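Structure, as structure tokens:
The values are calculated or read from the model by the stated rules, or taken from the named source; none is laboratory data. Keep in mind that what you see is a predicted model, and the values were worked out from it rather than measured. In this analysis, Cβ positions are derived from the backbone assuming ideal geometry, glycine residues included, and neighbour counts consider all displayed protein chains. Surface areas here come from the heavy atoms of the whole protein model, side chains and all, with no ligands, DNA or RNA. Shrake-Rupley method; radii C 1.70, N 1.55, O 1.52, S 1.80 Å.
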Amino acid sequence: AKALGGGRFELFDVTLRERMQRRLRLEQDLREAVHNGQLWPAYQPVVDLRTGEMVAVEALLRWTHPKHGEISPVEFIPLAEESELINVIGKFVLRCAARELARLRAERGLDLNLKVNLSVRQLDDPGLVPAVRDVLATTGLPAGSLCLEITESALMRDEAAAAAVLASLRGLGVLLAIDDFGTGYSSLAQLRRLTLDTLKIDRSFITGIAESRDAAAIVTSIIAMAHAVDLTVVAEGVETAEELALLRELDCDQAQGYHLGRPAAAADLFQ
Ligand code: C2E
Ligand code: CA
Ligand code: CA
Ligand code: CA
């Protein structure tokens with residue numbers, strides 16, 4: 001590389017080294033963040049389109065870093081997924097959110113379901129199913145009010161291995177959702193085999209449905225297909241009243257998005 005005239009390659013080496021050092025530091029910070037209160041779940045409302053009522057909340061992890069401020073899960077979840085750290089973080093968010101929701105249900109009499117995102121890597125963790133069982137037992141959250149969301153693209157990469165773990169989770173009585181639907185390539189047959197409960201249509205399909213007949217036609221057919229195999233359909237990323245009205249017309253079951261409520265700390269959402 002040096003023979004090619006140096007400068008450029010050396011510069012590349014330096015920035016690469018800097019990037020790797022930042023990643024390493026961030027990963028170290030993330031390991032500690034679980035234990036020092038910097039990681040916390042925000043909650044976004046999920047609304048039933050027939051009644052207009054909030055029927056669930058989705059836990060979305062937040063990291064308040066003492067030096068860098070708010071770091072997006074889009075950055076730190078993939079970092080955690082590179083090691084077993086995702087298992088630690090995944091169990092943390094599950095326990096923390098289940099405890100918080102069980103308390104809200106008991107103290108306020110709220111009949112709310114809880115949705116928690118599961119990284120596909122967590123399906124390889126032999127401690128996952130026991131951890132979910134333990135969280136339900138210790139918090140008293142009814143199994144049927146917990147829904148675990150797994151992204152479509154991740155799920156389909158190793159369908160056979162995923163199916164066995166999903167069956168064990170289902171055996172505990174929890175609900176299962178396929179997240180970001182439309183970004184992968186699953187077939188109706190796969191959706192049936194996996195015996196899921198809920199299908200979440202990815203935001204990229206919802207954006208623009210009010211303006212584009214083609215976009216609306218795609219969503220219409222996803223909803224019809226999901227209903228044909230008895231899945232509850234949730235639209236994510238609903239940002240306007242027009243999108244909401246159209247989804248109701250299209251017989252979508254539930255919706256989530258900035259128009260209905262942004263993710264917020266439990267104290268702010270339920271004050
Ligand atoms: P996701 O599960 O698809 O979550 C939806 C994302 O869309 C959230 O981003 C949410 O804040 C955002 N969102 C909701 N409504 C709207 C809207 O109307 N417009 C727009 N533009 N965005 C909207 P967030 O919180 O940044 O999370 C990003 C992703 O990080 C999540 O996507 C999920 O894949 C992952 N993630 C978050 N928390 C966890 C967690 O506890 N565990 C795991 N494994 N992944 C998580
Ligand atoms: Ca999700
Ligand atoms: Ca999603
Ligand atoms: Ca998404």
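Among E84, E10, E70, E107, which is the only one that is over 19 Å from the mean Cα position of the chain (by Cα) and modelled with pLDDT of 90 or more? It would help to see each step written out before you state the result.
On the way: E84 fails: over 19 Å from the mean Cα position of the chain (by Cα); E10 fails: modelled with pLDDT of 90 or more; E70 fails: over 19 Å from the mean Cα position of the chain (by Cα).
That would be E107, the only listed residue that is over 19 Å from the mean Cα position of the chain (by Cα) and modelled with pLDDT of 90 or more.
Taking the condition open to solvent by 60 Å² or more (accessible area, probe 1.4 Å), basic (K, R) and not in a helix (DSSP H, G or I), does R133 pass?
No; evaluated as a whole, the condition is false for this residue.
Looking at D230, D214, D202, D251, can you tell me which residue is within 25 Å of L118 (Cα to Cα) and surrounded by fewer than 17 Cβ atoms within 10 Å (Cβ to Cβ)?
Unique residue meeting the criteria: D230.
Of A106, A80, which residue is within 21 Å of V135 (Cβ to Cβ) and in contact with a helix residue (DSSP H, G or I) (Cβ under 9 Å, 6 or more places away or on another chain)?
A80
So A56 passes all but one of these: (1) out of contact with any Lys or Arg (no Cβ under 6 Å at 6 or more places or on another chain); (2) open to solvent by less than 30 Å² (accessible area, probe 1.4 Å); (3) among the hydrophobic types (A, V, I, L, M, F, W, C). Which condition number does it fail?
(1) is the only condition that A56 fails.
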